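The values are calculated or read from the model by the stated rules, or taken from the named source; none is laboratory data. Worth saying up front: this structure is predicted, and the values here are computed from it rather than measured. As a convention, Cβ positions derive from the backbone with ideal geometry for all residues, glycine included, and neighbour counts pool all protein chains shown.
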Amino acid sequence: MKVEPRTLPGFMELLPEDQILFNDMKQKIQNSYEKFGFLPLDTPIIEMSEVLLAKAGGETEKQIYRFEKGDNDLSLRFDLTVPLAKYVTEHYNDLSFPFKRYQIGKVYRGERPQKGRFREFYQCDVDIIGDGELSIINDAEMVSVIYTTIKELGFEDFTICINNRKILNGLFQEINQESLSVDIMRIIDKLEKIGKDNVIESLKDLQIPEKAIEQIMSFIQIKGETNEKLQLLKDYEFKNELINEGIEELEQVIKFVRALGVPDKNFKVDLTIARGLDYYTGTVYETFLNDYREIGSVCSGGRYDNLAEFYTDKKLPGVGVSIGLTRLFYKLNELNAIKLSQKSVAKVLVTPMQDEMQTALVVGTALRKANIPTQIYLENKKIKAKFKYADRLKIPYVITIGETEVQNNTVALKNMETGEQKTLSIEDAITILK
RNA sequence: GUGGAUGUAGCUCAGUUGGCUAGAGCGCUAGUUUGUGGCACUAGAGGCCGUGGGUUCGAGUCCCAUCUUCCACCCCA
């Protein structure tokens, strides 16, 4: 009786062709992050529960994978922000601030898996952490990071929605609903998904007075171009300090975003972007691919006042965003929205005829020395099978080496796409393959 | 955590009011082609019909249980 091989639900396992696509996206994200000078970071997948759960509560605590090994109470990381907080506090004296790091890694959440929702998934985080303070310009640079990264991934038509939580929180102060601010934000965050009427219903369920609901609704639905919206916000002439601070910050961010060359068509002020997470305190972002609106936000994040308050008294404000790569890949792949010209790793397959293996090894090695990813077919199979192998792996070129080639010191190079085949010297073949 | 579905070949599925040896397409293997892949044609392999029990002369089909997986909500990436 054999054991049936199975993969746990909610865990993604790809066939080579898809893995190549996935790795390509991951690589592009990494390249883009490094373009801004973010430093690489890797932290353990397992941490002590005490450390990981220092601030957690509610949902995260329920979803965490937690287990005991001997006397150790351990947990799998459920995001990359908490490990960052730990890391920054731990290595505070060895780091230079502002500390800009990126981290691409797997995180774990023990929730019910469903479509596009995984229990193990990659997050691609970038954050900038300040020591004591951090200029608002970083909030603008983050938009530039998003812009550059999404472009790098091959998309043109996308919108980075920007808001500032201080504006919303200030509004809630104004209407005396501060205690419900997180709940209200979660509801208005869903405006697009569930519609205006359902938002109003949900707000009523929270026992919020009708007048306050009206204020919220009219406020978050302010329309117009970015500059018009900013003007409209200022025209309210709020007395509330927090709102005015938020508006001022938002205006600054927009100003610097433009200076960083992010075109107006790729960002907008959206007062309904609230983010469910409670630790954001200022600027918040969500990014949508306009051709694939149904995917939801592909890159979100925001500004937080204090990264590591559960580990240290030092004040470490930061701003960061994250791409949920696993979900993004899964959904784009499902929609057939990602393509790659190179579908194989090897660029050429060297296939010797029966007695020419020695020469094939020499030729293959020469190709590899010239930095051409090369696979040599080592098994004794029919030539047909060798070509079929190249075809199925989508290797774009095949070099055949037989008796005549060895005699003339040439190779037969075939372009698998056009079907064209030429007899060339090894040097000429290398030139073509480069 | 709440609610709703599902299960037949590697994959997507068909299978009548219960009835012969359980089918199709795709994929896979081999051949047509011993120095050439895709395309075409031909042949072949591949199934405890999720599992256990029940009803029946007879169950892939009906009933019960169980497991599995999926979907939506919640929350999130």
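A few points about this structure:
- Residues in the stretch A:279-299 that are farther than 20 Å from A:L335 by Cβ and either crowded, with 17+ Cβ neighbours inside 10 Å or more than 10 Å from RNA strand B (Cβ to nearest atom) (or both): A:Y280, A:T281, A:G282, A:T283, A:V284, A:Y285.
- Exactly one residue among A:T400, A:T365 is β-branched (V, I, T), farther than 30 Å from A:G10 by Cβ and away from RNA strand B (no atom under 12 Å from the Cβ), and that residue is A:T365.
- Near pairs, Cβ below 8 angstrom, 6+ apart or cross-chain, from the stretch A:378-400 (farther than 10 Å from A:V348 by Cα) to any residue that is part of a helix (DSSP H, G or I) and within 7 Å of RNA strand B (Cβ to nearest atom): A:T400/A:I383
- Qualifying residue in the stretch A:262-278 (condition: farther than 21 Å from A:R101 by Cβ, within 16 Å of RNA strand B (Cβ to nearest atom) and part of a helix (DSSP H, G or I)): no
Listed here are the residues, each with its yes/no results for (1) more than 20 Å from A:A385 (Cβ to Cβ); (2) within 14 Å of RNA strand B (Cβ to nearest atom); (3) buried (at least 19 other Cβ atoms within 10 Å of the Cβ); (4) not hydroxyl-bearing (S, T, Y).
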{"site": "A:R327", "(1), (2), (3), (4)": "yes, yes, yes, yes"}
{"site": "A:Y330", "(1), (2), (3), (4)": "yes, yes, yes, no"}
{"site": "A:A337", "(1), (2), (3), (4)": "yes, no, no, yes"}
{"site": "A:Q342", "(1), (2), (3), (4)": "yes, no, no, yes"}
{"site": "A:V348", "(1), (2), (3), (4)": "no, yes, yes, yes"}
{"site": "A:Q354", "(1), (2), (3), (4)": "no, yes, no, yes"}
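- Residues of the stretch A:57-111 satisfying the condition of being assigned to a loop (DSSP other than H, G, I, E, B) and free of Cβ contacts under 8 Å to residues at least 24 places away in the same chain: A:G57, A:G58, A:G70, A:D71, A:H91, A:L95, A:S96
- For the stretch A:279-392, the strands (runs of 3 or more DSSP E) that sit wholly inside it and include 1 or more residues that are outside the structural domain of A:F11 (by TED's automatic domain parsing) and of a type outside the set (D, E, K, R) are A:283-289, A:299-304, A:348-352, A:374-376.
- Members of the stretch A:403-420 that are under 40 Å from the mean Cα position of the chain (by Cα) and near RNA strand B (Cβ under 8 Å from one of its atoms): A:K414, A:N415, A:M416, A:E417, A:T418, A:G419
- Screening A:S179 against (1) in a helix (DSSP H, G or I); (2) at pLDDT 85 or above leaves a single unmet condition, (2).
- Just one of (1) in a helix (DSSP H, G or I); (2) touching a residue at least 60 places away in the same chain (Cβ under 8 Å); (3) of a type in the set (A, V, I, L, M, F, W, C) fails for A:L230. It is (2).
- A:K223 vs. criteria part of a loop (DSSP other than H, G, I, E, B) and either more than 24 Å from A:T159 (Cα to Cα) or of a type in the set (K, R) (or both): yes
- When A:I20 is tested against (1) in a helix (DSSP H, G or I); (2) of a type in the set (V, I, T); (3) within 16 Å of RNA strand B (Cβ to nearest atom), just one condition goes unmet, and that condition is (3).
- The condition (being in contact with a helix residue (DSSP H, G or I) (Cβ under 6 Å, 6 or more places away or on another chain) and either of a type in the set (D, E, K, R) or within 11 Å of RNA strand B (Cβ to nearest atom) (or both)) is satisfied by just one residue among A:R112, A:R77, A:R117: A:R77.
- Residues located in the stretch A:146-176, provided they are within 15 Å of the chain's Cα centre (by Cα), in a helix (DSSP H, G or I) and away from RNA strand B (no atom under 15 Å from the Cβ): A:Y147, A:T148, A:K151, A:E152
- Subset tally (residues that are of a type in the set (D, E, K, R) and touching a helix residue (DSSP H, G or I) at 6+ places or on another chain (Cβ under 7 Å)) for the stretch A:323-366: 4
- Any hit, the stretch A:421-428, residues being away from RNA strand B (no atom under 15 Å from the Cβ) and either of a type outside the set (D, E) or free of Cβ contacts under 8 Å to residues at least 40 places away in the same chain (or both): yes
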